[in-house]
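Each value in this text was obtained by applying a stated rule to the coordinates, not by laboratory testing. Because the structure is predicted, anything quoted here is derived from the model rather than measured. A quick note on method: Cβ atoms are made from the backbone with ideal geometry, for glycine too, and the neighbour counts reach across all protein chains shown.
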Amino acid sequence: MHDWVKVHLKAYSGASVEERRAWWITLKWYFGYCAKKELGEPTNRDNGKIFWRDAVLCADPEDWQKAQWGDALKWFFEELAARDVAGAKLRSALRRRHLAYTTEKAYMGWLRRFQAFLHPKEAMDSESGRRGAFSNLLGGGKGVGADGPEPVF
């Protein structure tokens, strides 16, 4: 998830470079909190509310910190998480098949890396050549195709 968010944050023009750096620090804190507390996918707004209540407000921040941290989370949920159609579809398909949570985390990680690789294009609208280039990149240049018949290991 980190690469995917970082790519979009760098491309975002609605905030200064200093603001985006501060937002990145806040978002890394939030992602770490979600992982440590095993809350699940950070794109879930309920996890953001838990983070705000349990981590941010307990830190007793000053007003400017609250505003900055709130702006970071607002950007993440409104600009990024709201547009994450591919993630929601993948998560839904995996849960319909009753796959393990660790499998879901692994698949979501692959999706995020794929989205970061394709930026600024949307992952699902990519050309097959780009998917093949990504597969080859993941395979360490071993010629693994988009269909991936050969295991990388």
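Average the reciprocal distances over every distinct pair of alpha-carbons in segment 2-83, invert the result, and give the Kirkwood radius in Å. Walk me through the numbers on the way to the answer.
Working: mean 1/r = 0.0778 Å⁻¹.
Result for segment 2-83 stands at 12.9 Å.
Considering only C-alpha atoms, what is the centroid distance from segment 75-112 to segment 1-20, in Å?
Distance between centres, Cα-based: 20 Å.
Here is the link list: LYS28/LYS74; LYS36/LYS66; LYS49/LYS74. Which ones come out longer than 18 Å on Cα distance? Present the calculation step by step, with values, prior to reporting the outcome.
Numbers: LYS28/LYS74 14 Å; LYS36/LYS66 22 Å; LYS49/LYS74 11 Å.
Over 18 Å apart, Cα to Cα: LYS36/LYS66.
At most 10 other Cβ atoms within 10 Å and a DSSP loop assignment: could you name the GluC sites (Glu not before Pro) in segment 11-107 that fit?
Passing both the DSSP loop test and the Cβ count: GLU38, GLU62.
Can you give the direction-averaged projected area of the convex hull of the alpha-carbon atoms in segment 38-124, in nm²?
Details: hull surface 26.3 nm².
For the Cα atoms of segment 38-124, the hull's average projected area reads 6.6 nm².
How high is the relative contact order of segment 1-127, in percent, with contacts defined as C-alpha pairs under 8 Å that are six or more residues apart?
Taking the mean separation of contacting Cα pairs over the length of segment 1-127, I get 35 percent.
Neighbour counts of other C-beta atoms within 10 Å: give me LYS36, LYS6 arranged from fewest to most.
The most exposed by this proxy come first: LYS36, LYS6.
What list of ³J(HN,Hα) couplings, whole Hz, do you get for segment 45-54 from phi and the Karplus terms 6.51, -1.76, 1.60, once you set θ to phi - 60° and write x for glycine and proline?
4, 4, 5, x, 5, 5, 4, 4, 5, 8
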